[in-house]
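Let me begin by presenting the structure, written as structure tokens, before commenting on it.
We did not get these values from a lab; they are worked out from the coordinates using the rules stated. Predicted model, so just to flag it, every value in this text is computed and none were measured. Glycine gets a Cβ as well: all are built from the backbone with ideal geometry, and neighbour counts include every protein chain shown.
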Amino acid sequence: MFQPLEIFIGLRYLRTRQQNSFVSFITLASLIGVALGVAALIVVLSIMNGFENELRGRLLSMTSHATVAAARGGISDWRGLIDRAQQQENVVGAAPYVQLQGMLVNGSRLNGALVRGINPRLEKTVDRVGSFMVEGTLDSLNSAGNNMVLGRLLALRLGVGVGDRLNLLVPQTGLSAGDIRPRISRFTVSGIFEAGIQEHDGSLALVNIADAATLAGLGDSVTGIQLQFDDVFAAPAGIKTFAGGLAGAERYRFSDWTVENASYFRAIRIEKTMMSIILLLVVAVAVFNIVATLMMVVTDKRAEIAILRTLGLKPESVVRIFMIQGLVIGWVGALSGVALGVLLALNVGVIMPRLEAWFGFQVMPSDVYYISELPSDLHVADVLFIAVAALVLSALATIFPSRRAARVEPAEALRYD
């Protein structure tokens, strides 16, 4: 089969020989370094994607995809808003809520809380609070009876459990400056939930919407309504569509989960970007070992290069010979790393428990972390980016040694041979 001379010679130089076994060892080390760097980058990004998905799921399990709140005061026509929202094609749930700040008191223990009044029947259409109940049930809030469901951390701070009673202090509005007369109401703890998000477990208290409206002085009005969409990523566009078709939209404030939780996901994106840069530098170091490898090959093959030049081989062909050699090393390493990284990323859940059993330690103990297993979410776009970056870096690493080989002077190289 026809094979260009440059490819034939470049591949021949990759074969191991007794007299240049050290060069072959360095070549293998470069290939393995590229493969391990690429694999590590794929696995780490997949795990960070998994953590991002886990965080998003836990955050949205306690909150809706979007909210419509009154610009000031309350919303009296909330039933009409819910009916209108349910007519929108991609809305799968809508529920009213009343939200206020308060202070929970149990004897000498005090703790600030975000009190949210809900309708349990409608609440089930916009979040999954009920699935996180560890004691009691969310249905205990079905009627106005001064029952309260607390986050686990909040209950621990207050020293209360199901059946215990505590006081809720809510500041009154509309009073003159300096005149503070909080409304005080006594509640019975009827349930405890644990969502795995400290913001919710440590500060959220759920009550019946009628009890919350009475405390807030809203009467039959509510603070706002929550919307749930069939696709979480469609929420930003969906809430804009809902706002665009709503008369008197200036009376409301519209928000979605990407705005409410922007700080969380911004922090993850920054960490993911910095980790990608650090690991990409590791790949770059491994790739540029190819430079050292090719320089050693050029030094070792000076006489052969000179002979080829005297036989009429052009400098451009010499460049291609060593570029082919370097590209084979880099690309085989990169593709091997992609295969290894994809295999590891898809099987993190199987591999980590075995490693923990072998070495007798836990990466994420369940008594310390809410997530006891490493989540992994492999994105094709990440794999393609990493593979292309490794291939490009490999190509760049071959330029200098190849040009150096092309500048070998035949007479000088053969003078002492």
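Using the Karplus relation 6.51 cos²θ - 1.76 cosθ + 1.60 with θ = phi - 60°, the per-residue 3J(HN,Hα) values for segment 197-211 come to 10, 4, 4, 8, 5, x, 9, 9, 10, 10, 9, 5, 4, 5, 4 Hz, with x marking Gly and Pro.
Residues Val43, Val380, arranged from fewest to most other Cβ atoms within 10 angstrom of their Cβ, appear as Val380, Val43. Taking the number of Cβ atoms within 10 Å of each Cβ as an exposure proxy, the fewest-first ranking of Tyr97, Tyr252, Tyr264 is Tyr264, Tyr252, Tyr97.
Residues whose amide H falls under 5 Å from that of Glu135, counting only those 5 or more places apart or on a different chain, are Ile192, with hydrogens built in the peptide plane. In order along segment 219-234, the phi-based Karplus estimate (6.51 cos²θ - 1.76 cosθ + 1.60, θ = phi - 60°) of 3J(HN,Hα) comes to x, 8, 7, 10, 5, x, 10, 9, 10, 10, 10, 5, 9, 4, 7, 8 Hz; Gly and Pro are listed as x. Sequentially through segment 115-131, phi angles give Karplus couplings (6.51, -1.76, 1.60; θ = phi - 60°) of 9, 10, x, 10, 9, x, 5, 7, 4, 5, 8, 10, 8, 10, 4, x, 6 Hz, Gly and Pro residues having no value and appearing as x. Sorted ascending by nearby beta carbons within 10 Å, beginning with the fewest, Glu356, Glu250, Glu123 become Glu250, Glu356, Glu123. Here's how it looks for Asp164: its modeled amide H is under 5 Å from those of Val189, which are all 5 or more places away or on a different chain. Diffusion coefficient (Stokes-Einstein, Kirkwood radius over C-alpha pairs, 37 °C, 0.692 mPa s) for segment 75-222: 207 µm²/s, rounded to a whole number. Kirkwood-type hydrodynamic radius, segment 136-226: 14.1 Å, calculated from all non-identical alpha-carbon pairs.
Taking amide H atoms as placed 1.01 Å from N in the peptide plane, the amide H of Val92 lies under 5 Å from those of Gln228, Phe229, Asp230, each 5 or more residues away in sequence or on another chain.
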